[in-house]
Amino acid sequence: MAKVKAGLACLLSLLVVSPLVARNDSLVKFDGGIGVIPVSNVAVAAGVTTVSRNIVRGVNPPGQIWVIAGLTADVSSDGRIRARGRGLLLGGGNGIGTNANQSVMATLICEAAAPFTLRNTAVVPLEANGDFRIDDVLDPAPLDGCASPVLLIRNGGGAWFAAGIQKSDDND
């Protein structure tokens, strides 16, 4: 009977500790999202108008504003990513409020300066209301941590539609 109790105690401790161990495998988390505004600056000097596109770490924006109601993502040190987005929809133009029949992928960029490595997931379709779920492994996987993480939600053509807001360790 003592061996059975000891075995049960051991099993119970594994069940309690296992989720904690898995949780510590997180490389970076994101909670909240920012929709894209394709133009970051317009300057007029001596009658010449200069428009600067909102390029993030070498990734171009689309031609139209996109909004996102919510975004969460958790990236593990082995490259597994689970991301959930809500309400990724056009924020302007004739298709405003629609998903424009787009599909999206997640891209993690860890470098603060060029050259940038785009770590991508497979592409998933947006639901009619702009919701999406990604449960995949980044390719390539981040090998040595992620010093300066940026998470972009991009379409199959490569334009970024939304960016994740990094969650600090203090808010777990």
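Considering only residues that are assigned to a loop (DSSP other than H, G, I, E, B) and either of a type in the set (F, W, Y) or over 20 Å from I55 (Cα atoms) (or both), which ones fall in segment 25-45?
Residue satisfying the conditions is D25 alone.
Which of the residues spanning segment 95-115 are assigned to a loop (DSSP other than H, G, I, E, B), touching a Gly at 6+ places or on another chain (Cβ under 7 Å) and surrounded by fewer than 17 Cβ atoms within 10 Å (Cβ to Cβ)? Quick ask: steps written out before the conclusion?
Step one: of segment 95-115, the residues assigned to a loop (DSSP other than H, G, I, E, B) are 95-102, 110-115.
From the residues that got through so far, the ones that are touching a Gly at 6+ places or on another chain (Cβ under 7 Å) too are 99, 114.
Within segment 95-115, just A114 meets the criteria.
Tell me which residues, restricted to segment 44-53, are closer than 26 Å to A113 by Cβ and either small (G, A, S) or surrounded by 17 or more Cβ atoms within 10 Å (Cβ to Cβ) (or both). Break it down stepwise before answering.
Step one: filter segment 44-53 for residues closer than 26 Å to A113 by Cβ, giving 50-53.
Correct list: S52 only.
What do you reckon, is D78 touching a residue at least 24 places away in the same chain (Cβ under 8 Å), part of a strand (DSSP E or B) and either in contact with a Pro (Cβ under 7 Å, 6 or more places away or on another chain) or not hydrophobic (A, V, I, L, M, F, W, C) (or both)? Before you say what the answer is, go through the steps one by one.
Details: touching a residue at least 24 places away in the same chain (Cβ under 8 Å): yes; part of a strand (DSSP E or B): no; either in contact with a Pro (Cβ under 7 Å, 6 or more places away or on another chain) or not hydrophobic (A, V, I, L, M, F, W, C) (or both): yes.
It is false that D78 is touching a residue at least 24 places away in the same chain (Cβ under 8 Å), part of a strand (DSSP E or B) and either in contact with a Pro (Cβ under 7 Å, 6 or more places away or on another chain) or not hydrophobic (A, V, I, L, M, F, W, C) (or both).
I need every pair where a residue in segment 28-44 that is free of Cβ contacts under 8 Å to residues at least 24 places away in the same chain has its Cβ under 6 Å from the Cβ of a residue that is assigned to a loop (DSSP other than H, G, I, E, B) and surrounded by fewer than 18 Cβ atoms within 10 Å (Cβ to Cβ), sequence separation at least 6 or different chains.
Every condition considered, the pairs that remain are S40/N54.
Only one residue in R133, R154 is outside any loop (DSSP other than H, G, I, E, B), at pLDDT 95 or above and buried (at least 17 other Cβ atoms within 10 Å of the Cβ). Which one? Spell out how you get there, then give the answer.
Values: R133 fails: buried (at least 17 other Cβ atoms within 10 Å of the Cβ).
After ruling out the rest, the residue left standing is R154.
Looking only at segment 160-172, count how many residues are closer than 15 Å to T107 by Cα and surrounded by fewer than 19 Cβ atoms within 10 Å (Cβ to Cβ). Talk me through it step by step, then tell me what you get.
Let us first name the residues in segment 160-172 that are closer than 15 Å to T107 by Cα, namely 160-166.
Next, from what is left, pick out any that are surrounded by fewer than 19 Cβ atoms within 10 Å (Cβ to Cβ): 165-166.
Adding up the residues that qualify gives 2.
The values are calculated or read from the model by the stated rules, or taken from the named source; none is laboratory data. Here the structure is a predicted model, which means the values were calculated and not measured. In this analysis, Cβ positions are derived from the backbone assuming ideal geometry, glycine residues included, and neighbour counts consider all displayed protein chains.
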